[in-house]
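What follows is a short report on a single structure.
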Amino acid sequence: MRFPKVRLIVIAIPIALVLLAIRFPYMIDVPVWKYLDRGRIDPLTLHLRGEFVESNLGTAELNDGSVLVRMIAQQYVFVPQCVVVPAGVPVHIRMVSADVAHALTVEGTTDSVKVVPGAVIQQNLQFDQPGEYAMPCHEFCGAGHYAMRARLRVVPRDQFHHLRPDERVTCEAR
Ligand code: CUA
């Protein structure tokens, strides 16, 4: 009677693993998964690990003088709400959506960064005029769409270098 029991376990375990992989793919963290998943991102775990955890959002300086801005779009906010960048340098936006399609636009320009869930969008922009700009969502994304907006503060390049970390994440008047 021992043999059928062992066989049952041998069959049941792989089936359980396959079902788990289908239902909770992000729980199975094996290298091959990352390989197959390159360029894809799970909206459900955005905030928890990887490139788009909260501490990684906002503006980061790169060695060549350009900046990288990481943002999350979600119903009905952009995170962070305020983006501070230096004027006259390339701004590499990397954005993901936590739910549906959104489009970040910059008032007074034709710039638009459209994002859909599941993919990281990278787009290069540049702002030559210091100032404050509204960044409304321009893709209908639900009841709160018309109130969904972030702000962009473009500061002169040399001034940007003197901003403290906490001053790089605020659009408040000072
Ligand atoms: Cu987000 Cu409209």
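Is the stretch 79-87 home to any residue that is at pLDDT 95 or above, hydrophobic (A, V, I, L, M, F, W, C) and over 19 Å from the mean Cα position of the chain (by Cα)?
Scanning the stretch 79-87, I find at least one residue that is at pLDDT 95 or above, hydrophobic (A, V, I, L, M, F, W, C) and over 19 Å from the mean Cα position of the chain (by Cα), so the answer is yes.
Return the residue satisfying two criteria in turn: it lies in the stretch 60-78 and is part of a strand (DSSP E or B) and without any contact (Cβ under 8 Å) to a residue 24 or more places away in the chain, and of such residues it is farthest from the ligand (Cβ to nearest atom).
Looking at residues that are part of a strand (DSSP E or B) and without any contact (Cβ under 8 Å) to a residue 24 or more places away in the chain, I get GLU61.
Let's see how each residue does on (1) at pLDDT below 95; (2) polar (S, T, N, Q):
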position	(1), (2)
ALA103	no, no
GLY108	yes, no
GLN126	no, yes
MET135	no, no
CYS141	no, no
ALA147	no, no
ARG151	no, no
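In the stretch 127-142, which residue that is free of Cβ contacts under 8 Å to residues at least 60 places away in the same chain and surrounded by fewer than 15 Cβ atoms within 10 Å (Cβ to Cβ) is nearest to the ligand (Cβ to nearest atom)?
PHE140
Can you find a residue in the stretch 88-100 that is under 24 Å from GLU172 (Cα atoms) and touching a helix residue (DSSP H, G or I) at 6+ places or on another chain (Cβ under 9 Å)?
Yes, there is a match, as at least one residue in the stretch 88-100 is under 24 Å from GLU172 (Cα atoms) and touching a helix residue (DSSP H, G or I) at 6+ places or on another chain (Cβ under 9 Å).
Counting just the residues of the stretch 112-122 that are within 16 Å of the ligand (Cβ to nearest atom) and within 17 Å of VAL67 (Cβ to Cβ), which one comes out nearest to the chain's Cα centre (by Cα)?
Of everything passing the filter in the stretch 112-122, ILE121 is nearest to the chain's Cα centre (by Cα).
VAL89 - would you say it is more than 10 Å from the ligand (Cβ to nearest atom) and more than 23 Å from GLY144 (Cα to Cα)?
yes
Hey, can you tell me all the residues within the stretch 115-174 that are touching a helix residue (DSSP H, G or I) at 6+ places or on another chain (Cβ under 9 Å), basic (Lys, Arg) and more than 26 Å from ALA98 (Cα to Cα)?
ARG174
If GLU107 satisfies every condition in (1) within 16 Å of the ligand (Cβ to nearest atom); (2) touching a residue at least 40 places away in the same chain (Cβ under 8 Å) but one, which is the exception?
(2)
The values are calculated or read from the model by the stated rules, or taken from the named source; none is laboratory data. These numbers come from a predicted model, not from an experiment. Glycine also receives a Cβ, built like all others from the backbone with ideal geometry; neighbour counts cover every protein chain displayed.
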